[in-house]
1. Treating only the Cβ atoms of Lys and Arg (+1) and Asp and Glu (-1) as charged, compute the dipole magnitude of region 9-48 about its Cα centre; round to the nearest 20 debye.
2. Return the carbon/sulfur percentage of the accessible area of region 1-54, one whole number, probe 1.4 Å, all protein chains in place.
3. For the chain, what's the relative contact order in percent, using C-alpha pairs closer than 8 Å and at least 6 residues apart?
4. Using the per-residue mean of other Cβ atoms lying within 10 Å as a proxy for protection, in what order, highest first, do the peptides 302-309, 355-362 fall?
5. Beyond 28 Å, what share of the Cα-Cα pairs of region 327-466 is found? Please give it as a whole percent.
6. Place +1 on the Cβ of every Lys and Arg and -1 on the Cβ of every Asp and Glu in the chain, take the dipole about the Cα centre, and give the residue among ASN15, GLN180, GLN53 whose Cα lies farthest towards its positive end.
7. Once region 394-466 is represented by equal point scatterers at the alpha-carbon sites, with solvent omitted, what log10 I(q)/I(0) does the Debye formula produce at q = 0.17, 0.20 Å⁻¹?
8. Relative contact order (percent) for region 1-133, with alpha-carbon contacts under 8 angstrom and 6 or more residues of separation?
Amino acid sequence: MTMLKTRFAPSPTGNLHLGGARTALINYIVSKKSASSKFYLRIEDTDHERSKQEYTDNITNSLKWLGLDWDENIQVQSKRSSRHQEVAKELLQKKRAFKCVCSEEKITNQRKLIRENKNYSKKICTECKDDIDIQSKDRDYVVRLDVPDEGNLKINDTIQGDVSVANLQLDDFILLRKDQSPTYMLSVVVDDHDLGINYIIRGDDHFINTFRQYYIYKFMNWDVPQYAHIPLIHGEDGTKLSKRHGAVNILDLKKDGYLKEAIINNLILLGWSNNNEKSETIDLKEIIENFEISNLSKSSSIFSFDKLDFFNNFYLRKENGIKEFINFCESDIELNKYLQKDNTKMKNIFNVYKKDIKKISDLNDSIKVYFDENYKINKTEKLSSEFDIIFKKFLNLIGEIDDWNRDNIQIIINDFLKNNKIKFPVLGKPVRFLLINSYQGPSISDIFVILGKKDTIDRLNQYIGD
Ligand code: GLU
């Protein structure tokens with residue numbers, strides 16, 4: 001198998017969101033299919049105004065949390081400007097790039113003609129390159145790539161297939177700005193080449209850039225990498241996934257109590273399915289074994305939060321769920337206090353509620369109720385007279401339970417219902433209400449176990465005291 005070098009190259013102009021995480025995940029998986037392959041991380045911070053250190057931190061922390069570790073040091077684009085400039089100079093020397101001094105006004109006018117389809121050719125500057133005086137200037141110029149006018153360029157993309165574009169449709173884009181700072185279009189190619197990247201997997205919003213960037217590789221006599229442009233993910237309303245659809249940033253999802261296994265499982269099934277498998281749940285190891293990028297769908301996929309909730313619930317219920325819950329609580333000031341106070345109670349709450357929750361933070365309100373030392377029954381509720389008749393008897397009975405465990409409690413409740421010829425809801429619903437101020441929730445024997453004998457009886461006694 002060829003040694004593949006893949007990379008994830010985010011711009012630190014925002015937090016890592018689901019779309020970016022999916023691109024990183026696919027690059028990571030492809031690189032993990034063979035022991036000799038590598039996965040690199042590059043921070044593309046050439047947009048000085050919008051790039052922020054906090055976003056770089058967010059991106060690296062998100063990737064680490066997801067377990068998508070990169071090989072070697074992070075490549076930081078802004079630190080490599082002189083290398084980018086060196087390549088631009090070489091292209092100038094080879095006459096594959098040229099200096100341009102066109103005025104803003106002229107450029108705006110050219111762009112307008114192109115936009116209005118009056119100029120089929122997308123070339124912005126047609127005169128500077130043949131002007132000897134301009135080409136011998138030593139400042140106040142931008143450097144543009146001399147992309148040919150004639151012919152077509154065909155690129156084979158693993159996902160998009162063979163796609164041809166007329167060279168006239170490619171612009172003579174800028175490599176160095178007037179202050180001689182390199183543009184993303186130049187930097188990305190130089191950095192990928194220097195890292196030895198031979199497989200570029202990125203969002204299909206960059207597909208047209210590939211045709212432009214191809215000419216830098218060609219003019220420098222560098223090997224052109226293989227490309228795979230993956231379709232973007234959309235929200236359920238068909239528009240590009242954004243904040244409007246819910247939490248889409250990875251660390252926000254972490255904060256809500258989503259597990260990385262659920263996020264990865266959900267992301268990888270967007271546009272890909274694990275052949276022959278009935279179950280949709282798949283772990284990273286199995287994904288690495290079975291995933292083939294060439295089987296990824298060409299059309300955009302819809303991200304569904306219901307699906308994410310489904311996977312998260314599945315992973316929370318698994319053996320490891322309790323460990324994840326404890327980790328989650330330890331990293332939260334408030335929840336950690338409860339954990340320190342009564343670790344067993346916290347574990348009981350999780351074990352009883354896990355089947356019904358979508359994310360760990362769904363438990364926050366319930367935890368508060370169980371730990372409330374000043375718990376008060378919501379007085380506005382009037383319980384049935386049928387309940388009032390049996391309640392004291394029930395309270396006396398449970399007061400006698402010595403071994404306060406779920407099975408014992410369950411037997412006592414069942415016998416009580418049978419002996420008094422009453423249906424469960426007559427007893428169960430009001431008791432649940434008295435204990436947690438809600439008619440909905442777990443079985444009362446589970447609530448008894450979570451609260452323990454003393455709290456259960458104290459809370460129920462409040463009703464007697466009324
Ligand atoms: N920095 C670009 C972005 O965040 C990605 C460039 C690339 O993958 O080639 O959109």
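1. Values: 5 positive and 3 negative charges, 75 e Å.
Charge dipole of region 9-48: 360 debye, to the nearest 20.
2. Values: 1020 of 2200 Å².
Ligands and nucleic acids excluded, carbon and sulfur reach 47 percent.
3. On the way: 636 pairs, mean separation 58.4, N = 466.
The value is 13 percent.
4. In descending order of packing, they fall as 355-362, 302-309.
5. Numbers: 1821 of 9730 pairs.
In whole percent, the share of Cα-Cα pairs in region 327-466 beyond 28 Å is 19.
6. Value computed over the given set: ASN15.
7. Values returned for q = 0.17, 0.20 Å⁻¹ are -0.58, -0.83.
8. Working: 140 pairs, mean separation 29.3, N = 133.
Relative contact order, region 1-133: 22 percent.
The values are calculated or read from the model by the stated rules, or taken from the named source; none is laboratory data. Since we're looking at a predicted model, the values are computed, not measured. Ideal geometry is used to build each Cβ from the backbone, glycine not excepted, and the neighbour counts take in all protein chains shown. The protein model used for the area step is the full one, side chains on, heavy atoms only, and it has no ligands, DNA or RNA in it. Shrake-Rupley method; radii C 1.70, N 1.55, O 1.52, S 1.80 Å.
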